[in-house]
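The values are calculated or read from the model by the stated rules, or taken from the named source; none is laboratory data. These figures come from a predicted structure and were not determined experimentally. Neighbour counts are summed over all protein chains in view; Cβ atoms, including those assigned to glycine, are modelled from backbone coordinates with ideal geometry. SASA here: full protein model, heavy atoms, side chains in, ligands and nucleic acids out. Shrake-Rupley method; radii C 1.70, N 1.55, O 1.52, S 1.80 Å.
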Amino acid sequence: LTAAGYAVFVVYSFAPRGVAMTISNQSLVDYSADVADALNALKLLATHPLIDAKRIFNIGFSRGRSTAFQTAWPTWQRPVDTAGAKFAGHVPMYQGRCNVRFRTDDRETATALILMLMADRKNETGQSVELCIKYADQLAAKGNKITYKEYKGAYHGFDGMYPWSVNTQATS
């Protein structure tokens with residue numbers, strides 16, 4: 001992204017909390033902490049003189065995809081004072097947690113567009129792609145700007161630099 005002229009700000013929620021990884025225990029860092037970190041990063045980035053505050057996107061990978069998805073909703077945004085800054089869009093990569101529904105889905109609309117990028121339904125081991133597509137379609141039917149793309153032949157983590165493998169200690 002930087003080679004294409006985009007600024008990239010990586011938020012790493014684990015190390016400052018003394019956590020090396022959460023692959024085998026997702027409860028080591030609460031998802032709400034990830035959301036707060038992302039929204040505080042947005043607030044900071046929106047003040048940078050070389051950043052267009054109206055063009056900041058939240059892209060999340062694997063566990064971070066939950067953060068990229070959740071920060072689209074007013075209920076998750078409200079606890080953090082972003083001084084009025086809003087993400088222009090949300091890109092959850094290899095979307096997960098599509099089996100979790102929040103009451104906000106019925107009474108709120110996402111504040112920006114959401115693009116879900118998913119692995120091939122035959123190859124995704126962390127979440128049912130069919131369930132994510134159904135969820136996206138339900139949210140779109142309620143007026144949300146949400147779309148998705150399934151990458152045929154791709155596995156979870158398809159954008160990574162390492163070959164596909166199975167981690168038997170991973171929670172899913």
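Quick notes
- Residue in region 65-77 that is modelled with pLDDT under 90, surrounded by fewer than 16 Cβ atoms within 10 Å (Cβ to Cβ), more than 15 Å from the chain's Cα centre (by Cα) and farther than 21 Å from E124 by Cβ present: no
- Scan region 23-41 for residues that are farther than 20 Å from A85 by Cα and either free of Cβ contacts under 8 Å to residues at least 40 places away in the same chain or hydrophobic (A, V, I, L, M, F, W, C) (or both) and the total you get is 6.
- Failed item in (1) at pLDDT 90 or above; (2) open to solvent by 80 Å² or more (accessible area, probe 1.4 Å); (3) in contact with a helix residue (DSSP H, G or I) (Cβ under 9 Å, 6 or more places away or on another chain), with V19 passing the rest: (2)
- Residue satisfying all of: in region 87-104; surrounded by fewer than 17 Cβ atoms within 10 Å (Cβ to Cβ) and within 18 Å of the chain's Cα centre (by Cα); farthest from G64 (Cα to Cα) among these: T104
- A count restricted to region 94-117 and to residues that are modelled with pLDDT of 90 or more and touching a helix residue (DSSP H, G or I) at 6+ places or on another chain (Cβ under 7 Å) stands at 4.
- Checking each residue of region 42-51 against the condition of being in a loop (DSSP other than H, G, I, E, B) and either of a type in the set (D, E, K, R) or in contact (Cβ under 8 Å) with a residue 60 or more places away in the chain (or both) gives no match.
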